[in-house]
Amino acid sequence: MKSKLSRLTLLFFLLIGAFVLVACNNGETSKESEEEKNSNSSESEEEKPSAENPLTLTFFSADGVEKEFDDPVAQEITEKTGIKLELDYPVGGNDEAIPLMIASGDYPDLIYAKGDIGKLIEAGGVIKLDDLIEEKGDNLKAMYGDQIDRLRNSIDDPSIYTVGTYGVENAYWQTSGTFQIQLDVLRELGYPEINTLDEFEAALTEYYEMYPEIDGQKTIPLSLLGSDWRWLITVGNPAGFAAGLPDDGQWAVNDETGETTYKFLLPEFKEYFKWLNGMNAKGLLDPESFTHTYDTYISKLSSGRVLSVADQDWDIGDADKALVADGKEWRTWAPLPVTLGEDKVHQGLKDYGFAGGWGIAISSTSEHQEEAFEFLDWMASEEAQILVNWGVEGENYDIVDGKRVMQEDDRERMNTDADYGKETGVGFYVYPFPQWGNGAVDSTGQSITPNSEQDIIDNFNSAEKEAIKEYGMTNWIEWFPPTEELGISNHGTVANYSIAAGSDIQIIQQKADDLTEQMITQAILGDPADFDQTWEDMVKQLEDMNIEQANEEMTQKTLDIMELWGTK
């Protein structure tokens with residue numbers, strides 16, 4: 001009996017011991033799990049981007065410039081988002097940056113590839129954004145609204161790969177890319193009306209004969225920049241404006257039928273370049289227009305001796321500011337609605353609608369895709385739009401009677417200091433990021449940008465204000481056919497279409513562009529007696545390289561875009 005009880009007692013204590021051991025172990029495991037959970041939670045919080053612990057995203061911009069992300073606006077962006085940007089750009093205008101990325105498979109977090117976005121999509125270098133927009137893109141959805149379909153890639157692949165680049169709501173309070181003439185020419189000639197190329201040439205000729213030198217240097221009636229990619233905007237595009245066509249890059253489009261034609265085949269373009277050939281023969285065209293560098297070109301413009309240009313405002317902005325800073329307001333330029341003849345309607349104020357197409361993409365190799373998307377979505381918020389457009393409250397603008405008012409020194413620097421945007425960040429991060437656009441207003445009804453029409457008018461230099469008054473106008477755009485009469489484009493602009501790398505269109509257009517740039521330059525600078533033959537030779541070579549096939553395929557591309565957008 002004693003032996004039996006002892007065995008039972010031993011078994012009881014063994015069971016109790018085992019229970020206690022398991023309980024203790026469970027308690028330790030539970031405690032360790034809780035500690036590990038807390039540790040992971042703490043680690044997660046530490047890893048979340050913040051102003052104190054920012055996350056750096058690499059960003060390549062095909063239109064970028066050398067700059068550190070350290071200006072006051074950039075610092076405020078980091079404060080709000082926990083994101084810093086490491087900015088990269090194509091050195092020396094290198095257009096091989098994207099192909100090199102694709103070849104190496106080494107991509108930054110964010111990429112603005114401009115027209116090379118198709119190459120990145122084909123290579124699998126960027127991600128689709130549709131799900132992210134749906135799940136966490138409230139700001140982007142609010143910004144794009146019913147225009148969001150214009151972000152889609154194609155009929156065959158209606159995915160969204162990019163956001164940003166252009167304003168969604170557009171207001172046309174100023175022109176860019178048109179012929180521009182020096183204000184002093186207008187003043188000296190008694191403020192003439194200049195609407196045709198013949199009138200434009202006559203004004204330049206008369207002033208040039210009066211003043212063959214300006215400040216001891218030879219006067220230049222018209223200067224272009226055809227030695228680099230700016231051939232497109234100072235030689236090719238002005239021909240389209242003179243012909244009464246909207247800007248569709250290298251193409252001309254019938255907006256009703258979608259028929260798309262390589263523009264240099266049109267007779268109006270031959271007529272324009274024949275006029276330019278005559279300007280050269282008469283000594284009215286800068287002989288270095290196709291050889292000088294951008295720096296030399298801007299230096300000439302900044303001297304005040306160039307009477308006219310055919311260029312984008314953003315391309316000559318540094319020269320304009322330099323002239324104002326030197327007290328040479330009368331040597332700045334006024335935009336002109338110049339066309340080949342009175343039967344042409346200038347399209348300088350054309351509304352293309354939201355352009356879509358190009359934008360910022362997130363790379364497929366980025367380890368921070370969600371953070372990158374959240375950053376882009378925040379850039380579309382009202383808070384961000386006010387910051388990037390106006391700067392920092394109290395530093396760049398003040399609130400006066402409930403309204404944002406740009407500080408006077410900032411307003412002055414905007415107009416005179418070429419480095420203002422880079423140094424302060426004001427306006428620097430609008431393009432190519434998501435942007436509401438000049439026509440948008442915030443929740444209080446105020447303009448989202450400091451560039452309302454009244455602001456533009458107020459910012460005119462003293463000479464502009466005097467000249468405009470002489471013409472009985474308040475703004476230069478009163479010279480041009482109004483936006484309302486020109487209508488909104490059904491197809492946007494072909495210049496922003498994404499063309500697949502290696503496609504027939506891409507190959508044929510590249511060959512055609514190389515040929516036309518070379519032969520049109522030759523035709524302009526050649527003997528007027530040789531012009532017609534040079535032009536005929538060019539057209540024949542375009543036909544031989546199957547330009548008609550490119551016309552047909554681009555027409556279908558335009559029709560597909562119109563179908564994708566619901567405008568056909």
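The values are calculated or read from the model by the stated rules, or taken from the named source; none is laboratory data. Fair warning: this is a prediction, and the values are worked out from it, not measured in the lab. Here the Cβ is made from the backbone with ideal geometry for all residues, glycine too, and neighbour counts use every protein chain on show.
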Subset of segment 151-178 (residues that are modelled with pLDDT of 90 or more, among the polar types (S, T, N, Q) and closer than 18 Å to Leu486 by Cβ): Gln174, Thr175, Thr178
Segment 493-517, residues that are part of a loop (DSSP other than H, G, I, E, B) and in contact with a helix residue (DSSP H, G or I) (Cβ under 7 Å, 6 or more places away or on another chain): Tyr497, Ser498, Ile499, Ala500, Ala501
Cβ pairs under 6 Å, 6+ apart, first in segment 155-167 and over 19 Å from Tyr352 (Cβ atoms), second buried (at least 21 other Cβ atoms within 10 Å of the Cβ) and among the small types (Gly, Ala, Ser): Tyr161/Ala361
One residue from Val392, Val388 being assigned by TED's automatic domain parsing to the domain that holds Asp130, under 23 Å from Leu55 (Cβ atoms), touching a residue at least 12 places away in the same chain (Cβ under 8 Å) and surrounded by fewer than 19 Cβ atoms within 10 Å (Cβ to Cβ): Val392
Exclusive hit being touching a strand residue (DSSP E or B) at 6+ places or on another chain (Cβ under 7 Å) and small (Gly, Ala, Ser), set Ala372, Ala418, Ala384: Ala372
Any chance Ile194 is in the same structural domain as Ser289 (by TED's automatic domain parsing) and either part of a loop (DSSP other than H, G, I, E, B) or aromatic (Phe, Trp, Tyr) (or both): yes
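Rundown of residues vs (1) over 24 Å from Gln541 (Cβ atoms); (2) surrounded by fewer than 19 Cβ atoms within 10 Å (Cβ to Cβ), yes/no style:
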| position | (1), (2) |
| --- | --- |
| Leu204 | yes, no |
| Pro221 | yes, no |
| Gly226 | no, no |
| Leu232 | no, yes |
| Leu245 | no, no |
Of the criteria (1) surrounded by 20 or more Cβ atoms within 10 Å (Cβ to Cβ); (2) within 26 Å of Asp138 (Cβ to Cβ), which one Trp378 fails: (1)
Hits in segment 451-468 - residues which are closer than 19 Å to Gly190 by Cα and surrounded by 17 or more Cβ atoms within 10 Å (Cβ to Cβ): Ala463, Glu464, Ala467, Ile468
Entirely in segment 210-328, the helices (runs of 4 or more DSSP H) that have 3 or more residues that are modelled with pLDDT of 95 or more, over 21 Å from Asn195 (Cα atoms) and in the same structural domain as Val338 (by TED's automatic domain parsing): 294-303, 313-325
Any chance Ile233 is aliphatic (A, V, I, L, M) and in contact with a Lys or Arg (Cβ under 8 Å, 6 or more places away or on another chain): no
Matching residues, segment 469-495, being crowded, with 20+ Cβ neighbours inside 10 Å and of a type in the set (A, V, I, L, M, F, W, C): Trp476, Ile477, Trp479, Phe480, Val494
Single unsatisfied condition, Thr261 versus (1) within 30 Å of Gly124 (Cβ to Cβ); (2) crowded, with 17+ Cβ neighbours inside 10 Å: (1)
Residue in segment 548-568 that is among the charged types (D, E, K, R), in contact (Cβ under 8 Å) with a residue 12 or more places away in the chain and not in a helix (DSSP H, G or I) present: yes
Residue ID - surrounded by the fewest Cβ atoms within 10 Å (Cβ to Cβ), chosen from residues in segment 336-374 that are among the β-branched types (Val, Ile, Thr) and within 21 Å of Pro49 (Cβ to Cβ): Thr365
Unique residue being at pLDDT 95 or above, within 30 Å of Ser50 (Cβ to Cβ), assigned to a strand (DSSP E or B) and not basic (Lys, Arg) when the list is Leu85, Leu132, Leu140: Leu85
Residue count, segment 310-323 (criterion: under 21 Å from Ile457 (Cβ atoms), surrounded by 19 or more Cβ atoms within 10 Å (Cβ to Cβ) and hydrophobic (A, V, I, L, M, F, W, C)): 2
Residue that is on the phi < 0 side of the Ramachandran plot, at pLDDT 90 or above and not assigned by TED's automatic domain parsing to the domain that holds Leu559, where the choices are Thr483, Thr493, Thr474, Thr444: Thr444
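This table checks each residue for (1) in contact with a Leu (Cβ under 6 Å, 6 or more places away or on another chain); (2) at pLDDT 50 or above; (3) surrounded by 11 or more Cβ atoms within 10 Å (Cβ to Cβ).
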position	(1), (2), (3)
Phe13	no, no, no
Ser30	no, no, no
Glu34	no, no, no
Ser41	no, no, no
Pro49	yes, yes, yes
Phe69	yes, yes, yes
Gly105	no, yes, yes
Residues satisfying the stated conditions in segment 63-82, i.e. in a helix (DSSP H, G or I) and within 22 Å of the chain's Cα centre (by Cα): Val73, Ala74, Ile77
Lone unmet requirement of (1) in contact (Cβ under 8 Å) with a residue 40 or more places away in the chain; (2) of a type in the set (Val, Ile, Thr); (3) not in a loop (DSSP other than H, G, I, E, B) for Thr534: (1)
